[in-house]
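Asker: What follows is a structure written as C-alpha cells; I'll ask about it next.
The values are calculated or read from the model by the stated rules, or taken from the named source; none is laboratory data. Please read all numbers here as calculations on a predicted model, not as lab measurements. Quick reminder, even Gly has a Cβ in these numbers, built from the backbone with ideal geometry, and neighbours come from all protein chains shown.
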Amino acid sequence: MRCPACRSTAVRHRSERTAQGYRRFRCGDCGKQFNERSAGLLNRAQYPSDVIALVVLWRLRYKLSLRDLAEMFLIRGLVFSYEAVRDWEAKLTPALAENLRRRRKGKVGRSWYVDETYIRVRGGWRYLYRAIDRAGALVDVMLSEHRDLAAAKAFFRSAKAVTGVTPDRVTTDGHDAYPRAIRTELGRHVRHRTSRYLNNRLEQDHRGIKGRCRPMLGLKSTGSAWRYCRGHDELRNFLRCRSRMRQHVSAATRRWQHMRRSLFGAMLPIPAREQLRQGAIRDPSPEPLATVFRRAAIAPIAAFVGREPRRCS
Ligand SMILES: [Zn+2]
C-alpha cells in the first residue's frame, strides 16, 4: 500500500476500519491518514465499491431505469436514491469504458462497417456514429450534434486511435461526407464501398443501444448521452460471446463466458468457477448476496474500485 499523497511505502496499518469495512493506514513520511480506497473514484461513497460497481454494471447492461435499480437493491436492504445511481454511473462509466477501450487495441479486423443512428437528447436528435468490423466486434462509437464532414473525420480519427488499426475496406451507407473523411483520415488506399444492403448487419447492431435508450425516456445532455452510449457499447462488446458472425455458441459455453467476463464470475468461489468451466456443474447456486458483495468486482473495474472490504454495512 502506497500513500496516495506522497507515494511513500512507509505506511503503518491502523487497527480500526472505515464504516464500509476498508482498512485504514497512516503514512510514516507525511503523517496523512488514508484508507484502501482513498485514491480511488469512490472515496467516501456510502456503500462498498463492489456494490456500486454492480449497480453501474446493471445500469449499463440491462434495460433498467434509475428508479428500478434503487428499488431492486432496496429489497436487499441497501438504501440509496435514483440520484445516487446517476452519480455513480457518471463516476464509474468513463473509467470502465476507457479500461475496456485500452484492451481492444489491435484486436479488430480490417473491414469496417460505418453508419450513424439517431439518439434523442433533450428533445432533439443527435447522431451516434458507430462502426463494427466484419466479425461484428465494436470498432468505435461517437455521439455528434451534427452529421457533417467534421463529425465523420473526428469519428475516423477516434476509431483509428482506439483500435490502432487502419482498415483496408470501409462500407458506409453513402453519406456525402464519407469519401473525403476516409481519404483524409485513413488514407487513399482504403477501399470505400457504399451499399445500404451490405450495411444491414450494422443496422441490426444499432438495436442494442436503441433498445437500451427506449426505457430511459431520452437523455438530458449530450455529454451524459455520449458517456452512456460509449459505456453501454463497450460493455456489450466485452460480454459478446461470438467471435465471428453467425457462429454457433452452445448454451453451456455462453453461460461460462458470461460468468467469466461479468461480475457473476467474480462472485463465485474459485472451486465452483473451475467446476463450471469443466462442465461438472451446470447451474451453480449463487451465494447469498451479502457474501457476494464482499467479493472482488469485475476484473476491469477491480483496478479502480479498490480492494474488497471485509464487511458490508
Ligand atoms: Zn505520505
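Asker: Hey, does the range 182-197 have a residue that's closer than 19 Å to ASP233 by Cβ, among the small types (Gly, Ala, Ser) and out of contact with any Pro (no Cβ under 8 Å at 6 or more places or on another chain)?
Answerer: Scanning the range 182-197, I find no residue that is closer than 19 Å to ASP233 by Cβ, among the small types (Gly, Ala, Ser) and out of contact with any Pro (no Cβ under 8 Å at 6 or more places or on another chain), so the answer is no.
Asker: Return a yes/no flag: does the range 98-117 have any residue that is among the β-branched types (Val, Ile, Thr), without any contact (Cβ under 8 Å) to a residue 40 or more places away in the chain and surrounded by 14 or more Cβ atoms within 10 Å (Cβ to Cβ).
Answerer: Checking the range 98-117: not a single residue is among the β-branched types (Val, Ile, Thr), without any contact (Cβ under 8 Å) to a residue 40 or more places away in the chain and surrounded by 14 or more Cβ atoms within 10 Å (Cβ to Cβ).
Asker: Go over the candidates VAL79, VAL56, VAL85, VAL51 one by one and state the one that is more than 16 Å from the ligand (Cβ to nearest atom), surrounded by fewer than 16 Cβ atoms within 10 Å (Cβ to Cβ) and among the β-branched types (Val, Ile, Thr).
Answerer: VAL79
Asker: Give all pairs with beta carbons closer than 8 Å in which a residue from the range 1-15 that is in contact (Cβ under 8 Å) with a residue 24 or more places away in the chain meets a residue that is aromatic (Phe, Trp, Tyr); count only pairs at least 6 apart in sequence or on separate chains.
Answerer: MET1/PHE25; CYS3/PHE25; CYS3/PHE34; PRO4/PHE34; ALA5/PHE34
Asker: Shifting gears a bit: How do the helices (runs of 4 or more DSSP H) wholly within the range 164-279 filter down when requiring 2 or more residues that are more than 30 Å from TRP125 (Cβ to Cβ), of a type outside the set (S, T, N, Q) and at pLDDT below 80: which remain?
Answerer: Because the criterion is at least 2 residues that are more than 30 Å from TRP125 (Cβ to Cβ), of a type outside the set (S, T, N, Q) and at pLDDT below 80, the helices (runs of 4 or more DSSP H) in the range 164-279 that meet it are 251-261, 263-267, 270-277.
Asker: Regarding GLY40, is this residue buried (at least 17 other Cβ atoms within 10 Å of the Cβ) and away from the ligand (no atom under 16 Å from the Cβ)?
Answerer: yes
Asker: Right, something else. Could you please give the count of residues in the range 7-23 that are away from the ligand (no atom under 16 Å from the Cβ) and hydrophobic (A, V, I, L, M, F, W, C)?
Answerer: Total satisfying the criteria: 1.
Asker: Quickly run through the range 138-163 and pick out the residues that are in a strand (DSSP E or B) and β-branched (Val, Ile, Thr).
Answerer: VAL139, VAL141 - these are the residues of the range 138-163 that are in a strand (DSSP E or B) and β-branched (Val, Ile, Thr).
Asker: Are any residues in the range 200-233 of a type in the set (S, T, N, Q) and in contact (Cβ under 8 Å) with a residue 24 or more places away in the chain, and if so, which ones?
Answerer: SER221, THR222, SER224
Asker: I've got another one for you. Here is a check on your reading of the model: is ARG26 over 24 Å from ARG227 (Cα atoms), away from the ligand (no atom under 16 Å from the Cβ) and more than 17 Å from the chain's Cα centre (by Cα)?
Answerer: no
Asker: Would you call ARG240 more than 15 Å from ASP205 (Cα to Cα), surrounded by 12 or more Cβ atoms within 10 Å (Cβ to Cβ) and either out of contact with any Asp or Glu (no Cβ under 9 Å at 6 or more places or on another chain) or outside the structural domain of ILE119 (by TED's automatic domain parsing) (or both)?
Answerer: No; evaluated as a whole, the condition is false for this residue.
Asker: Separate question: Could you count how many residues in the range 115-126 are touching a helix residue (DSSP H, G or I) at 6+ places or on another chain (Cβ under 7 Å) and over 13 Å from ARG212 (Cα atoms)?
Answerer: 4
Asker: From THR194, THR163, grab the single residue that is within 16 Å of SER111 (Cα to Cα), of a type outside the set (Gly, Ala, Ser) and under 27 Å from the mean Cα position of the chain (by Cα).
Answerer: Only one candidate passes the filter, namely THR163.
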